[in-house]
Amino acid sequence: MHPQQLRQLSRQLVRQLGMLNNQCGAMALTPVQAHTLIELEQGPCSVSQMALHLKVDKSNASRNLAMLLNQDLVTTISHPTDRRSQLSQLTSTGQQALQQLHRQLDINSQHILDQLDDDEISHLGSSLHRYSRALTAVEQQQEYKIRPITAFDNTAIATIIRKVSLEYGLTGDKGYSVNDPILDNMAHVYRPDNCNYWVIEKDQRILGGGGVAALAGQEDWCELQKMYFLPALRGKGLARKIAVQALKFARQQGYKGCYLETTAALKEAIYLYQSLGFVNIPQRMGNTGHESCEIKMIKTF
């Protein structure tokens with residue numbers, strides 16, 4: 001899918017869902033006001049909190065709360081810890097209106113779901129969830145830069161790999177390759193055209209990286225390699241972004257699929273690989289030399 005296609009589909013969905021209308025379905029509420037009532041269902045909320053939840057500016061949130069106040073759908077109460085601030089909450093009339101809104105929207109949504117078979121509904125749910133998470137990730141990644149490794153990054157990425165390995169107990173005495181000299185010359189290792197390694201940088205500081213290369217002993221497959229990230233980088237979707245970038249690169253190189261080896265200590269990494277479609281296999285592939293990694297996974301292209 002190209003960016004233009006995604007934008008076109010998004011525009012069409014926004015229009016078909018009536019998000020450009022001045023009224024939400026049969027109710028005298030704009031889409032923003034309907035979303036405001038839905039957020040207040042979770043409890044009292046300040047203007048700043050509402051703006052954050054709806055991802056709108058404070059003036060927009062304040063204006064719509066004021067309009068709902070005039071309709072007796074919302075009332076204000078004193079903030080329990082800040083006398084200078086007020087919280088908005090639903091009135092009994094607002095609660096009734098919200099229940100009516102839920103019933104109407106549920107009926108509309110059910111009509112849509114009735115057009116889809118069970119497997120399509122399942123795929124739709126997982127895809128929309130992934131799309132939503134991608135939107136959130138983009139917001140969190142604005143200050144970070146992903147680029148191919150250079151020789152100037154060698155010391156930094158080697159230090160990160162050894163530091164993170166130590167954090168998870170993956171030490172040399174247990175058979176893990178933290179003392180492997182190639183870690184100190186990663187830019188040279190990933191110089192061939194059929195492999196690549198990317199680092200993540202913020203404020204001229206390297207915070208992590210990951211790469212892909214031909215699987216030793218089975219070169220028609222590739223291997224996802226050396227995915228290591230400092231704690232400050234985690235939870236922002238950047239590990240997934242590098243993994244996706246590596247998989248797309250691998251497809252362009254004509255590999256049959258991607259193989260990886262990991263260990264149960266890296267729970268976050270295992271969850272990431274599973275979310276990308278990797279599945280466990282019983283036997284090792286190729287000749288990686290990672291004898292201490294008990295988990296083997298593949299993704300076929």
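Bear in mind these aren't lab numbers, they're just calculated from the coordinates by the rules spelled out. Fair warning: this is a prediction, and the values are worked out from it, not measured in the lab. Cβ: placed from backbone, ideal geometry, glycine included. Neighbour counts: every protein chain shown.
Put the Cα centre of the range 1-75 next to the Cα centre of the range 191-248 and the gap is 39 Å. Distance between the modelled labels on LEU6 and THR155, one decimal in nanometres: 3.8 nm (7 Å Cα→Cβ projection). Springs between Cα atoms under 10 Å define the GNM used for the chain, and in it the highest mean-square fluctuation of SER165, SER275, SER88 occurs at SER88. For the range 1-93, the relative contact order comes to 21 percent (Cα pairs under 8 Å, sequence separation of at least 6). Relative contact order of the chain, taken over Cα pairs closer than 8 Å and 6 or more residues apart, is 11 percent.
Here the range 3-115 yields Rg over Rh of 1.03, to two decimals, using C-alpha coordinates and the Kirkwood radius. The label-point distance for ASP106 and GLU120, in a model that sets each label 7 Å from Cα toward Cβ, rounds to 2.4 nm. For the chain, the longest principal axis of the Cα atoms and the long axis of helix 118-140 meet at an angle of about 80 degrees. When the chain is treated as a GNM with alpha-carbon contacts under 10 Å, the residue of HIS53, HIS123, HIS111 showing the greatest mean-square fluctuation is HIS53.
Across the range 185-204, the residues whose backbone nitrogen lies under 20 Å from the label position 7 Å along the beta-carbon direction of LEU166 are 185-186.
With bins 5 Å wide beginning at 0, the percent of Cα pairs of the range 145-300 falling in each bin runs 2, 9, 20, 23, 24, 16, 5, 1, 0. The angle between the Cα long axis of helix 238-252 and the longest principal axis of the Cα atoms of the chain comes to about 60 degrees, rounded to the nearest 10. Quick one: which of LYS241/LYS296; LYS145/LYS299; LYS58/LYS145; LYS163/LYS202; LYS163/LYS299 span more than 24 angstrom between C-alpha atoms? Over 24 Å Cα-Cα: LYS145/LYS299; LYS58/LYS145; LYS163/LYS299. Helix 154-167 and the long axis of the chain differ in direction by around 70°, with both axes built from C-alpha atoms. Consider a paramagnetic label point 7 Å from the Cα of HIS53 along Cα→Cβ; state which residues of the range 24-43 have an amide N under 14 Å from it. Answer for this model: 32-43.
In a fully extended conformation the segment linking THR91 and ALA26 would gain 21.3 nm over its present Cα-Cα distance, using 0.36 nm per residue. Diffusion coefficient of the chain by Stokes-Einstein, Kirkwood radius over Cα pairs, 37 °C, 0.692 mPa s: 142 µm²/s.
With contacts taken as Cα pairs under 8 Å at a separation of at least 6 residues, the range 151-213 carries a relative contact order of 33 percent.
Of GLY43, GLY217, GLY289, which is the most mobile in a GNM of the chain whose springs link Cα atoms less than 10 angstrom apart? Comparing GLY43, GLY217, GLY289 in the GNM, the peak value goes to GLY43.
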